[in-house]
1. What's the total number of residues in the stretch A:613-638 that are near RNA strand B (Cβ under 9 Å from one of its atoms) and in contact with a Pro (Cβ under 8 Å, 6 or more places away or on another chain)?
2. A:LYS301: within 15 Å of RNA strand B (Cβ to nearest atom), of a type in the set (Lys, Arg), surrounded by 14 or more Cβ atoms within 10 Å (Cβ to Cβ) and closer than 24 Å to A:LYS195 by Cα, yes or no?
3. Can you pull out every residue in the stretch A:260-290 that is open to solvent by less than 20 Å² (accessible area, probe 1.4 Å), touching a helix residue (DSSP H, G or I) at 6+ places or on another chain (Cβ under 8 Å) and more than 10 Å from RNA strand B (Cβ to nearest atom)?
4. Pick from the stretch A:639-654 the residues that are in contact (Cβ under 8 Å) with a residue 24 or more places away in the chain, near RNA strand B (Cβ under 8 Å from one of its atoms) and open to solvent by 10 Å² or more (accessible area, probe 1.4 Å): which of them is farthest from the chain's Cα centre (by Cα)?
5. Can you tell me which residues in the stretch A:855-880 are within 8 Å of RNA strand B (Cβ to nearest atom) and farther than 21 Å from A:THR736 by Cα?
6. Name the single residue, out of those in the stretch A:833-874 being in contact (Cβ under 8 Å) with a residue 12 or more places away in the chain and more than 50 Å from the chain's Cα centre (by Cα), that is least open to solvent (accessible area, probe 1.4 Å).
7. Is the stretch A:239-247 home to any residue that is closer than 21 Å to A:LEU198 by Cα and assigned to a loop (DSSP other than H, G, I, E, B)?
8. Pull up the stretch A:658-713, narrow it to residues that are free of Cβ contacts under 8 Å to residues at least 12 places away in the same chain and among the aliphatic types (A, V, I, L, M), then point me to the one that is surrounded by the fewest Cβ atoms within 10 Å (Cβ to Cβ).
Amino acid sequence: MDMDKVYNFKEVEKRWGKYWIENKTFSAKIDKNKKPFTIVIPPANVTGSLHMGHALNATLQDAIIRFKKMQGYNTLWVPGTDHGGIATQNVVEKLLKKEGIIKYDLGREKFLEKVWKWRSDTGDTILNQLKMIGCGLDWDRVSFTMDKSRSKSVKKAFIQLFKRGLIYKGKRLVNWCPRCSTALSDIEVEYEDEKSSLWYIKYPLRDFDSYVIVATTRPETIFGDTAVAINPDDERYMHLVEKILKLPLVNREIKIVSDYIVDKSFGTGVVKVTPAHDIIDNEIAKKNNLETIEIIDINGKMINTPEKYQGLNVEEARKEVVKDLKKADFLTKIEDYTHSVGRCYRCLAKIEPLVSEQWFLNVEEMSKKAVAAVNDAKTIFYPESWKRPYILWLENLRDWCISRQIWWGHKIPIYYCVDDKNNKTSCKPIASFDKPKECQHCKGENFVQEEDVLDTWFSSALWPISVFGWGENENSQDLKYFYPTSVLVTGHEIIYLWVARMVQFSLEFTKDVPYRDIFIHGIVRDKHGKKMSKSLDNVVDPRDIIEKYGADALRFALTKSATPGKDIQIFEESFLAARNFANKIWNASRFILMNLESLGNIDKVDKKINPTELADEWIVVEFESILAKVKTAYDSYNIDIVAREIYDFFWTKYCDWYIELSKIRMMCSDINIKRQVLSILVYILKGVLQLLSPIMPFITSEIWQILNKDKKIIAESVFPKVKFSQFFESLEKMRTVQDIIVKIRTLKSEMNISSAVQIEALFNVLDDNKEKIVKENEHYIKQLAKIVSIQFGKNIKRPKNSALTIAGGFEIFLLLEGIDIEKEKSRLLKELAIAEQEVERTVAKLNNENFVKRAAKVEVKKIQIRFSDATVKVKKIYESLKFL
RNA sequence: GGGCAGUUAGCUCAGCUGGAAGAGCAUUUCCCUUACAAGGAAGAGGUCGCAGGUUCAAGUCCUGCACUGCCCACCA
């Protein structure tokens, strides 16, 4: 078996990626003898291509799925994509525009054909990229939010909600995106601070020679004003309530109303009320029965204004209005003012609140249930800190505007009865899967379907049940077996947009939560904590990382940084370090493989290991201790801890110490001794590979297969269990030996002696308890500290040419030629100072009655030991200094 | 205005239920030692944001403050 000196991840990753798919390693069938463990992937938009956020999200899910599989669960991870409503329509629209085609010229049907074509051409991009990072998804179950089955779920859900009276149509103020030409829900509006002005405008009183001054950020909406409002407690204006004003520029008469919503301290304390284009004003209008005048249409153009403003867009109108107000002396002041402005989350155009007829979903009852489910721990947030924001959001939720005036999406399954001329009759609209046969009211047989489509998040909210056939198959066995799912893994940016709504819908339609756990991870940011974006040019593309460092390195770097509750800052070096780790694993394995070959046959290692000496016992205990930690960490979604624990154990304990120590026996001519140590090396290596395989599946699969003649691949192996917990005392013994080795190395380094130079040493026993252990393991010290011979003794006087260090209960003299006395002196003085400080500190503690009385006994004992060690050290260094 | 995080080595971050400050990268010295120079050995570098409090003992618990970031809000 030839292994390259440098790990060739490209070849390995390609091969294994293919293997899992071809062998359907992660395809799941119902098996009632096994417990299911289910994850449904957050469906990425078909417009998407893999970015770091997806890579992180997918890796975490994959790690959980692979871990649970090794724990014996019947695991299922369902893949799929989202049709992405507005986002997708916009993408296709842009592409067509490049060809000089505008969607209205094509018409709805032709345009939709184009979108479907585009989807079938490129819509699976992201799924294929998930394959690149080795995701153990069940590829036989790919779903799409607009495929047949999912469409049935959507219709069923809509009809059910409609029949319950929760869905209604109404003319209301909504968030309108003039660019996308559709209504949006409240959370689809993103707010951003913008520098603007606050204009102070005189509104003259009709019956007095006076006026009030209104401060506004939107002077152009003056034509839609139907009142001016003040706070009822505002003494400056109380007397003006119900008085009539004459609206500047148009002279229309409006009155002054009062409402506690008005903030006395803001501006002048007088606010203009534009019910058709402002949420708050709309509420004031409702309370005061004010008229609503629409002055901006769905294209963002002015309507119902004096001739000269008619048809202008909002920006132009503002300029004109300000100019004219100024000319007519209505404008008293302009102040710089920064306020937040709503923008469309898909195209960033400024949102125009306007009155429009839309479909709404009453969410009051569903929200209460969704809050209760989390409060009653039916579903649990990890980390818990997301529980409160989730609840607060649901408790303050307004009805959801679910209709969109775009073409790409689920057409609302509402049918209107129409007469011969295709005009809507006054009959009640019907919610139905297909076109109804007959109107129950007028017996008419002609219908037209609602033109609007549903918010894309409506179908997303059904995802955990629709992927199992809810709505299509009344008796879905999959739904019974795999649902509710085990955990949802997602970023915190879509808790409201998606997570909360899935809980609402699942409770509504299945009377159960969609998932037992909700694991919320952070968002991937750049080195300085900035969001990755094209405009900032700080995007790290996972595909480049895979190309350069490998998918395993990508996965490891991401998981290692993914501390729950925190966003992740990542940069090139993170992946480099992970790549180096993979290479380290490769080479350690290579070393073991090479030695196994010299045994003649890889199978020759013992199945049952037999720790015979200190290092063996020690490494086994150390391994089992991280084994326990890793298992707990996986189970509680602390995948970052898994990555760090394994990294630390493998590199600093297994490689730096155990492999180095194993070399003594590896070079031994006795084949039995060699096999014995190799058995342990292999045992631990295989264990580490298993612990790590959910995070780095490629390299671990590869090495496992080389090591294992078993047919079972690592993904189907059984996670290791604790077996040897009896060797705990080896930890302390090993610490002593390691302490001696490190101190000797340090001393040599400080004396500028090449680490390769072999030296003789005298060990003067200071602590009788340590003598046996160190004598038994002196070969370790010789090997790793490059000592040629050790002479043990008691009351040894310091030899002339020697350097001193005190470690592990010994006074250690290294015999050196031509020692620099001054250097040795200053070195010892430094050591002395440290030891003396230690004595002081420990004495202070031991003299503290309260400490001795109240601290745990173990703690007091520790301090006593430290005190006596330090005391001996001080004494010995003094003697030594005198001698010099 | 409300909520939630964060503030630890030059940079990016760990540090669980309180018991002598850690990692990776960068940096200094030595080493191509027969798994790995994408490596090994040793070192330098922190008054753990500030101020109080609880405790024998606080990076760790409590209170207040400052700064940073994110989310939400009825920012006329």
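1. 1
2. no
3. Result: A:PRO275, A:ALA276, A:HIS277.
4. A:TRP651
5. Answer for the stretch A:855-880, where residues must be within 8 Å of RNA strand B (Cβ to nearest atom) and farther than 21 Å from A:THR736 by Cα: A:ALA855, A:ALA856.
6. Here the answer is A:VAL874.
7. Yes, the conditions are met somewhere in the stretch A:239-247.
8. A:MET667
The values are calculated or read from the model by the stated rules, or taken from the named source; none is laboratory data. Please read all numbers here as calculations on a predicted model, not as lab measurements. Every residue, glycine among them, receives a Cβ derived from its backbone with ideal geometry; neighbour counts consider all protein chains shown. The protein model used for the area step is the full one, side chains on, heavy atoms only, and it has no ligands, DNA or RNA in it. Shrake-Rupley method; radii C 1.70, N 1.55, O 1.52, S 1.80 Å.
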